[in-house]
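The values are calculated or read from the model by the stated rules, or taken from the named source; none is laboratory data. Since this is a predicted model, take the numbers as computed values, not measurements. Methodologically, a virtual Cβ is constructed for each residue, glycine included, from the backbone with ideal geometry; neighbour enumeration extends over all protein chains shown. Note: areas computed on protein heavy atoms with side chains; ligands, DNA, RNA excluded. Shrake-Rupley method; radii C 1.70, N 1.55, O 1.52, S 1.80 Å.
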Amino acid sequence: MQPQLLNLQHSKAIVHLDGDSFFTSVEQSIKPYLKGKPVVTGKERGIIACASYEAKALGVARGVTLREALRICPDLTVLPSDYETYSLYSKRMFEIMRRYTPVVEEYSIDEGFIDLTGLRRIFRTSYEEIAMRIQRDINRELDITVSVGLSLSKGLAKLGSKFRKPHGFTSIDGLGINAFLEKTPLKKVWGFGHNTVNLLEKHGLKTALDFVVKPEQWVEHLLGKTGHEIWNELRGNSVNPVNTQEKSSYYTISKCKTFTSPSSDRDFIWAKLVRNLESAFIKLRRHKLRVRAIAVALRLQDFHQDGFEARLNRPTTSIYEVIPVVRGMFENLYKPGKEYRATMVVLGKLENDDTRQYEFFEDRLRIETFEAVSRAIDETNRRYGKHTLSLGMSLYLDKHRHTDRDDTPCRKACLLPGETKRQRLNIPRLMLSV
Ligand SMILES: [Mg+2]
């Protein structure tokens, strides 16, 4: 059975554009002497955040610890992440896309969707040519490469940009969909988590083509609204429009706490880490974001740092959903007898917390309970001060030695009427009591 032929008259032209090893490409663009060399970022966390293609070719991948990466490749150039510069490059990249049309979606720091529908006439050329021009402009002006997918829907365009990398260009037209989906395993489909893939495999499906030839009712019954949307998108019916709403500029949230004096006490270090995590999640919710990736690092007395990173199954705003994952990472990182001086938490892959989508197997009640608890914590802390209500695991800190450095700084304690700890008048003033 073949999918129905599409009504090409009403079809869309959607581009997905994806920066190739974006962070290290930006570094190589600013520091041309690093071109052609194995480069990684993530020095500050002790985990590789991004690896250049030269580093990837040697077997150094994202998420590996720095220690391991340097063992594989002793000549590696290791850089600290410079998110401010990456954000600037990202901004310029999206400005180039917006020269062609305002219908641009900032999907992440280095990924965007562009709806080119109707622009053929204005630019008097094919959609392929317009998409290639955008790709060339970015390459020429920013000296970084991007991979591009062009197709009838976001779902297909995203598959296209991943197909050839780096500096790839893949166009999937209505007649090419079947052949393309036949080569695409289910796990590569945008929006399918591993539970969904397992479920579909139990029904004997292997490729994205096996999925799209299934009857509409069958898909709706088995996977609900989200699955039905993906089915439509893969068939070339664009049901998920390019969303031009501006994304938040918070690309990561990190919290680091240096101890007053180094410690080897497992409970104390864990409590400090939990406190970092609580602060990070408070900030996350204040900015109405949710998180998809989490990194944890412990810094030793000799400034050596080790860390782990985990991708979450679903984006979340609740600390309870990540505590078991973080505990696992901590148990692997902590070495008894070593002296530690700081803990660090980084929340990454942030997205706007505006729409709720549940995967098929998710426990909706449990998730909603977690969210209600988070709201209660935020409300209590707003009224009575940060960390008034906190996890029992961090209570250990209250028993611990209290020093001058833990006191509230004067700039936070001495506030003018109308000021809050976060919003203060930005003028110098004398600290006088009248
Ligand atoms: Mg990318």
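Descriptive notes on the structure:
- Total residues in segment 105-133, condition within 16 Å of the ligand (Cβ to nearest atom) and not small (Gly, Ala, Ser): 8
- Leading residue by the ranking (farthest from the ligand (Cβ to nearest atom)) among those in segment 13-43 that are touching a helix residue (DSSP H, G or I) at 6+ places or on another chain (Cβ under 8 Å) and among the hydroxyl-bearing types (Ser, Thr, Tyr): 29
- The set of residues in segment 79-110 that are part of a loop (DSSP other than H, G, I, E, B), crowded, with 19+ Cβ neighbours inside 10 Å and not polar (S, T, N, Q) comprises 100, 103, 109, 110.
- Here residue 260 passes the criteria (1) touching a helix residue (DSSP H, G or I) at 6+ places or on another chain (Cβ under 6 Å); (2) surrounded by 20 or more Cβ atoms within 10 Å (Cβ to Cβ) except the one numbered (2).
- Residue count, segment 1-27 (criterion: assigned to a helix (DSSP H, G or I), among the polar types (S, T, N, Q) and at pLDDT 95 or above): 2
- Taking the criterion of being hydrophobic (A, V, I, L, M, F, W, C) and modelled with pLDDT under 95, the only residue of segment 28-42 that qualifies is 30.
- Positions within segment 381-397 being open to solvent by 40 Å² or more (accessible area, probe 1.4 Å) and more than 20 Å from residue 267 (Cβ to Cβ), in sequence order: 382, 383, 384, 386, 388, 389
- Selection count where residues are open to solvent by 10 Å² or more (accessible area, probe 1.4 Å), in contact (Cβ under 8 Å) with a residue 40 or more places away in the chain and part of a loop (DSSP other than H, G, I, E, B), scope segment 28-46: 3
- Here residue 306 meets each of (1) of a type outside the set (A, V, I, L, M); (2) buried (at least 16 other Cβ atoms within 10 Å of the Cβ); (3) over 17 Å from the mean Cα position of the chain (by Cα); (4) under 19 Å from residue 278 (Cβ atoms) with one exception, condition (4).
- Any hit, segment 116-123, residues being at pLDDT below 95 and within 22 Å of residue 235 (Cα to Cα): yes
- Residues of segment 92-118 classified as of a type in the set (Gly, Ala, Ser) and touching a strand residue (DSSP E or B) at 6+ places or on another chain (Cβ under 9 Å), total: 2
- Residue list for segment 215-234, restricted to those being crowded, with 17+ Cβ neighbours inside 10 Å and more than 27 Å from the chain's Cα centre (by Cα): 219
- Unique residue being in contact with a His (Cβ under 6 Å, 6 or more places away or on another chain) and either open to solvent by 50 Å² or more (accessible area, probe 1.4 Å) or among the aromatic types (Phe, Trp, Tyr) (or both) when the list is 169, 113: 113
- Leading residue by the ranking (nearest to the chain's Cα centre (by Cα)) among those in segment 172-184 that are open to solvent by 50 Å² or more (accessible area, probe 1.4 Å) and at pLDDT 95 or above: 183
- Filter result for residue 280 (surrounded by 14 or more Cβ atoms within 10 Å (Cβ to Cβ), more than 19 Å from residue 348 (Cβ to Cβ) and at pLDDT 90 or above): no
- Of all residues in segment 149-157, one or more are over 21 Å from residue 351 (Cβ atoms), in a strand (DSSP E or B) and not polar (S, T, N, Q).
To keep it simple, each residue is scored yes or no on (1) more than 20 Å from the chain's Cα centre (by Cα); (2) more than 20 Å from residue 131 (Cβ to Cβ).
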{"position": "65", "(1), (2)": "no, yes"}
{"position": "74", "(1), (2)": "yes, yes"}
{"position": "80", "(1), (2)": "no, yes"}
{"position": "87", "(1), (2)": "no, yes"}
{"position": "90", "(1), (2)": "no, no"}
{"position": "102", "(1), (2)": "yes, no"}
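- Candidates 204, 168, 160: the one that is in contact (Cβ under 8 Å) with a residue 24 or more places away in the chain and farther than 17 Å from residue 239 by Cβ is 160.
- Residues of segment 134-154 classified as away from the ligand (no atom under 14 Å from the Cβ) and out of contact with any helix residue (DSSP H, G or I) (no Cβ under 8 Å at 6 or more places or on another chain), total: 3
- Residue check for residue 326: under 29 Å from residue 192 (Cβ atoms) and either open to solvent by less than 10 Å² (accessible area, probe 1.4 Å) or in contact with a Gly (Cβ under 7 Å, 6 or more places away or on another chain) (or both): yes
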